[in-house]
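The values are calculated or read from the model by the stated rules, or taken from the named source; none is laboratory data. Predicted model only: the values in this text are computed from it and were never measured. Here the Cβ positions follow ideal geometry from the backbone for every residue, glycine too, while neighbour counts run over all protein chains shown. For accessibility, only protein heavy atoms count, side chains too; no ligands or nucleic acids. Shrake-Rupley method; radii C 1.70, N 1.55, O 1.52, S 1.80 Å.
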Amino acid sequence: MSIEIKMPALSPTMEEGTLAKWLVKEGDTVKSGDIMAEIETDKATMEFEAVDEGVIARILIAEGSDNVKVGTVIAILAEEGEDAASVQAPTKSETPAPAKPMPTDPTDPNKTGSEAKPFDRTVEQAEDHGKPALSDDSGSRTGNGRAIASPLARRIAAQKGLDLSSLTGSGPNGRIVKADVEAAKPGTAPAKAASAPATQPAAEALAAAAAPAPAPKPAAVPDIPHEATKLSNMRKTIARRLTESKQQVPHIYLTVDVRLDALLKLRGELNASLASRGVKLSVNDMLVKALGVSLMAVPKCNVMFTPDQLISFQRADISVAVSTPSGLITPIVTGADTRSLSSISTAVKDLAARARDNKLKPEEFQGGTASISNMGMFGIKQFEAVINPPQGMILAIGAGEKRPYVIDDQLAVATVMSATGSFDHRAIDGADGAELMKMFKELVENPLGMLA
């Protein structure tokens with residue numbers, strides 16, 4: 001019996017992804033553990049392994065397909081002894097019916113909260129991805145003259161005012177897909193049928209009134225030479241999460257100036273002793289350690305806000321902002337408060353390298369109790385970072401520079417940097433945030449304290 005291969009959930013929050021590349025083709029034999037495809041999630045490109053053995057009979061979702069829902073059938077595997085050529089793609093009628101909703105009233109098992117709920121469109125879309133499009137001699141039309149197109153393609157066409165009947169589909173069996181609609185030039189919206197009734201039935205009118213408002217039209221691109229780049233899943237996620245953070249999280253910003261001379265001196269001494277082990281500490285490695293120790297010393301800042309709970313963490317896991325070609329990602333240094341500086345340095349270098357190659361595992365960038373973002377290497381003197389939800393704070397590090405500084409009541413020149421903490425004011429009071437910044441300043445200016 002053939003086996004359906006479905007779009008996997010490669011992270012706890014994944015709902016859809018991009019099938020970036022197939023590493024097998026129809027007719028190939030695979031066994032458990034073989035890499036079949038590369039799937040792009042919102043944070044990384046991950047390899048998808050085969051679980052069963054057999055022959056790839058059908059590939060239903062082409063590589064490069066976006067917004068493939070988790071659970072969508074993407075390929076069919078013929079088991080040993082089964083004729084791969086005879087395997088057919090699943091039809092809509094073969095799709096199992098959705099499970100009956102659980103009762104909302106424990107006293108009456110026959111009552112559910114979804115008896116009058118309209119059919120979930122996302123289920124229909126997932127089923128649509130898992131079957132070939134029907135076609136006749138026209139290639140991209142059904143027998144009743146209706147253009148074959150994906151739901152996403154229809155939505156984009158409606159926004160751009162395109163008549164689907166005028167497009168040629170590049171998908172399976174002439175199916176019109178997202179790329180076909182995006183490549184088409186905006187034209188005239190399809191004409192309304194002349195025979196349309198003047199009034200709608202009551203049910204249709206109510207459904208139309210309850211329909212969600214149309215998505216806002218994209219901004220008009222000025223007539224200037226330009227290049228348009230498709231947004232990656234990572235960039236879309238960054239945009240969504242940071243917008244939510246600034247809209248929903250009340251930020252409070254606290255800045256301190258920190259003298260770096262003692263830390264730089266200690267770094268030089270440690271690097272001299274670690275040279276034989278091939279370890280070279282960066283200033284940022286030591287700041288990660290200082291933030292971890294500070295969070296444990298001021299536990300009121302090592303927290304996460306939820307609608308009905310305040311979560312206090314017993315360990316400081318620091319998310320370190322890393323810039324990659326695809327966008328910003330924050331791999332996590334776990335237990336930064338107790339790790340040695342050499343261990344932190346090795347971990348940061350490894351995580352950053354794999355982040356740039358999109359090779360991080362979900363657990364290596366999801367979670368963390370606080371973040372640190374260092375832009376000192378770009379000469380940025382000071383900035384205010386956006387909190388990485390659901391964390392409660394992020395520390396923004398500026399460049400160390402020579403500044404006039406009062407030392408022992410005498411004006412002198414010292415290497416000073418500005419550090420700004422952004423705090424979620426729902427979870428962290430200003431006084432607690434100030435205590436954390438004070439502790440961080442003390443540890444950096446007296447760095448042996450973080451090693452004790």
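Using the 2.2 N^0.38 Å rule of thumb for compact globular proteins, work out how the range 283-433 stacks up: its C-alpha Rg over that value, please. Write down the numbers at each step before the final one.
Details: Rg = 16.1 Å, N = 151, 2.2 N^0.38 = 14.8 Å.
My calculation over the Cα atoms of the range 283-433 gives 1.09.
Work out the charge dipole of the range 293-382 with +1 on the Cβ of Lys and Arg and -1 on the Cβ of Asp and Glu about the Cα centre, then indicate which of 367, 306, 340 is farthest towards its positive end.
With unit charges placed on the Cβ atoms, the residue in question is 340.
Calculate one ³J(HN,Hα) per residue across the range 287-295 by plugging θ = phi - 60° into the Karplus curve 6.51 cos²θ - 1.76 cosθ + 1.60, and present them in order as whole Hz with x for glycine and proline.
My calculation for the range 287-295 gives 6, 4, 4, 4, 5, x, 5, 4, 5 Hz in order.
Per 10 Å bin, what is the whole-percent P(r) computed from every C-alpha pair distance within the range 1-70?
Reading the bins upward from 0: 20, 55, 23, 1.
Just order 427-435, 27-35 by mean Cβ neighbour count inside 10 Å, highest at the front, would you? Could you put the intermediate results ahead of the total?
Values: 427-435: 16.8, 27-35: 12.8.
Ranking the peptides 427-435, 27-35 by packing returns 427-435, 27-35.
Taking 35 Å as R0, compute the FRET efficiency from the Cβ-Cβ separation of residue 452 and residue 350 and round it to 0.05.
Values: r = 27 Å, r/R0 = 0.76.
Efficiency, rounded to the nearest 0.05: 0.85.
Could you size up the charge dipole of the range 1-58 around its Cα centre, putting +1 on the beta carbon of Lys and Arg and -1 on that of Asp and Glu, and report it in debye to the nearest 20?
100
What order, most packed first, do the peptides 320-330, 239-249 have when packing is the mean number of other Cβ atoms within 10 Å of each residue?
Numbers: 320-330: 18.3, 239-249: 12.8.
The most tightly packed comes first, giving 320-330, 239-249.
Skip the ligands, DNA and RNA, and give the accessible area per residue of the range 215-310 with a 1.4 Å probe, whole Å². Before the final figure, lay out each step's value.
Numbers: 5940 Å² over 96 residues.
I get 62 Å² per residue for this part.
Suppose each label sits 7 Å from its Cα in the direction of the beta carbon; what would the residue 9-residue 274 distance come out to in nanometres?
3.9
Just the number please: accessible area per residue for the range 335-452, 1.4 Å probe, all protein chains included, in Å².
Details: 5440 Å² over 118 residues.
So the range 335-452 comes to 46 Å² accessible per residue, rounded to a whole number.
Dipole size in debye (nearest 20) for the range 273-414 around its Cα centre, Lys and Arg Cβ +1, Asp and Glu Cβ -1? Before the final figure, lay out each step's value.
Numbers: 14 positive and 12 negative charges, 86 e Å.
Result for the range 273-414 is approximately 420 debye, rounded to the nearest 20.
Compute the distribution of all C-alpha to C-alpha distances in the range 348-452, in bins of 5 Å from 0, and list the percent of pairs in each, rounded to whole numbers.
Reading upward from the zero bin: 2, 10, 14, 19, 20, 17, 10, 4, 2, 1, 0.
Just the number, please: carbon plus sulfur as a percent of the accessible area of the range 297-437, 1.4 Å probe, no ligands or DNA/RNA counted. Could you put the intermediate results ahead of the total?
Numbers: 3480 of 6450 Å².
Looking at the range 297-437 in its full context, I get 54 percent from C and S.
If the label point is 7 Å along Cα→Cβ of residue 242, which residues in the range 377-394 have backbone nitrogen under 12 Å from it?
384-388
So what's the net charge close to residue 338: Lys and Arg +1, Asp and Glu -1, counting the other residues with Cβ under 10 Å from its Cβ? All intermediate terms of the calculation are to be shown ahead of the outcome.
Working: positive: 289, 315, 339; negative: 337.
Every neighbour counted, the sum reads +2.
Once you order the gyration tensor axes a ≥ b ≥ c over the Cα atoms, which shape class does the range 309-352 get: rounded for a/c under 1.5, otherwise prolate or oblate by comparing a/b with b/c? Provide the component values of the computation, followed by the final result.
Details: a/c = 4.61, a/b = 1.24, b/c = 3.70.
Taking the square roots of the gyration eigenvalues as a ≥ b ≥ c, the range 309-352 is oblate.
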